[in-house]
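Engineer: The structure under discussion is supplied below as C-alpha coordinates; questions concerning it will follow.
The values are calculated or read from the model by the stated rules, or taken from the named source; none is laboratory data. Predicted model only: the values in this text are computed from it and were never measured. In this analysis, Cβ positions are derived from the backbone assuming ideal geometry, glycine residues included, and neighbour counts consider all displayed protein chains.
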Amino acid sequence: MQLKDEYKRINKETGEPFEQGYKDENGRIFFSYVNKIGNDGWYLEEWKKNIDVFNAKKNKEKT
(Lines give C-alpha, C1' and ligand atoms only; values in the text may rest on other atoms or scores of the structure.)
Protein backbone atom coordinates (compact mmCIF):
# COMPACT_ATOMS: atom_id res chain seq x y z
CA MET A 1 0.00 0.00 0.00
CA GLN A 2 1.30 3.43 -0.93
CA LEU A 3 1.07 6.07 1.80
CA LYS A 4 0.22 9.66 0.88
CA ASP A 5 3.11 12.11 1.30
CA GLU A 6 0.74 14.81 2.57
CA TYR A 7 0.32 12.90 5.85
CA LYS A 8 4.03 12.17 6.37
CA ARG A 9 5.83 14.38 8.87
CA ILE A 10 8.63 16.40 7.26
CA ASN A 11 12.26 16.03 8.28
CA LYS A 12 13.40 19.57 9.16
CA GLU A 13 16.95 18.83 8.00
CA THR A 14 15.99 17.72 4.47
CA GLY A 15 12.58 19.31 3.89
CA GLU A 16 11.34 15.89 2.72
CA PRO A 17 9.48 13.08 4.52
CA PHE A 18 11.68 10.89 6.71
CA GLU A 19 13.56 8.12 4.89
CA GLN A 20 14.23 4.68 6.35
CA GLY A 21 17.60 4.68 8.13
CA TYR A 22 17.59 8.39 9.10
CA LYS A 23 19.28 8.88 12.48
CA ASP A 24 17.98 11.71 14.68
CA GLU A 25 19.85 13.78 17.27
CA ASN A 26 18.90 11.27 20.01
CA GLY A 27 20.38 8.33 18.09
CA ARG A 28 17.02 6.83 17.14
CA ILE A 29 16.69 5.43 13.63
CA PHE A 30 13.59 5.95 11.51
CA PHE A 31 12.09 2.68 10.30
CA SER A 32 8.78 3.54 8.65
CA TYR A 33 5.51 5.38 8.65
CA VAL A 34 2.53 3.38 9.93
CA ASN A 35 -0.72 3.35 7.94
CA LYS A 36 -2.64 5.13 10.70
CA ILE A 37 -3.07 8.86 11.21
CA GLY A 38 -2.61 10.16 14.74
CA ASN A 39 -4.48 12.97 16.49
CA ASP A 40 -1.90 15.43 15.18
CA GLY A 41 -2.85 14.71 11.54
CA TRP A 42 0.37 12.83 10.64
CA TYR A 43 0.99 9.15 10.05
CA LEU A 44 2.28 7.36 13.11
CA GLU A 45 6.00 6.58 12.88
CA GLU A 46 8.10 3.60 13.84
CA TRP A 47 11.53 4.47 15.25
CA LYS A 48 14.17 2.06 16.54
CA LYS A 49 16.40 2.86 19.51
CA ASN A 50 19.67 1.81 17.84
CA ILE A 51 21.17 0.24 14.72
CA ASP A 52 21.09 -3.28 16.15
CA VAL A 53 17.33 -3.15 16.74
CA PHE A 54 16.84 -1.49 13.33
CA ASN A 55 18.81 -4.23 11.55
CA ALA A 56 17.01 -6.99 13.47
CA LYS A 57 13.62 -5.63 12.37
CA LYS A 58 14.83 -5.20 8.79
CA ASN A 59 16.16 -8.77 8.67
CA LYS A 60 12.92 -10.11 10.20
CA GLU A 61 10.89 -8.45 7.43
CA LYS A 62 13.03 -10.07 4.74
CA THR A 63 12.16 -13.57 5.96
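Engineer: Among the residues of region 22-49, write down those that are assigned to a loop (DSSP other than H, G, I, E, B) and surrounded by fewer than 12 Cβ atoms within 10 Å (Cβ to Cβ).
Structural biologist: Within region 22-49, 25, 26, 27, 39, 40, 41, 49 qualify.
Engineer: Can you pull out every residue in region 4-30 that is closer than 14 Å to residue 51 by Cα and polar (S, T, N, Q)?
Structural biologist: 20, 26
Engineer: For region 7-21, state whether one or more residues are out of contact with any Cys (no Cβ under 7 Å at 6 or more places or on another chain) and part of a helix (DSSP H, G or I). Don't jump to the end; show me each part of the working.
Structural biologist: Looking only at region 7-21, we keep the residues that are out of contact with any Cys (no Cβ under 7 Å at 6 or more places or on another chain), and these are 7-21.
The next check asks that each one be part of a helix (DSSP H, G or I); those that pass are 7.
Yes.
Engineer: Return the pair list, or none, for Cβ contacts closer than 8 Å from residues in region 21-36 that are free of Cβ contacts under 8 Å to residues at least 60 places away in the same chain and more than 14 Å from residue 10 (Cα to Cα) to residues that are of a type in the set (Ser, Thr, Tyr) and part of a loop (DSSP other than H, G, I, E, B), at least 6 apart or on different chains.
Structural biologist: Close Cβ pairs (under 8 Å, with a partner that is of a type in the set (Ser, Thr, Tyr) and part of a loop (DSSP other than H, G, I, E, B)) amount to 29/22.
Engineer: Inside region 50-63, can you point out the residues that are in a loop (DSSP other than H, G, I, E, B) and at pLDDT 95 or above?
Structural biologist: Narrowing region 50-63 to residues in a loop (DSSP other than H, G, I, E, B): 50, 63.
Matches in region 50-63: 50 only.
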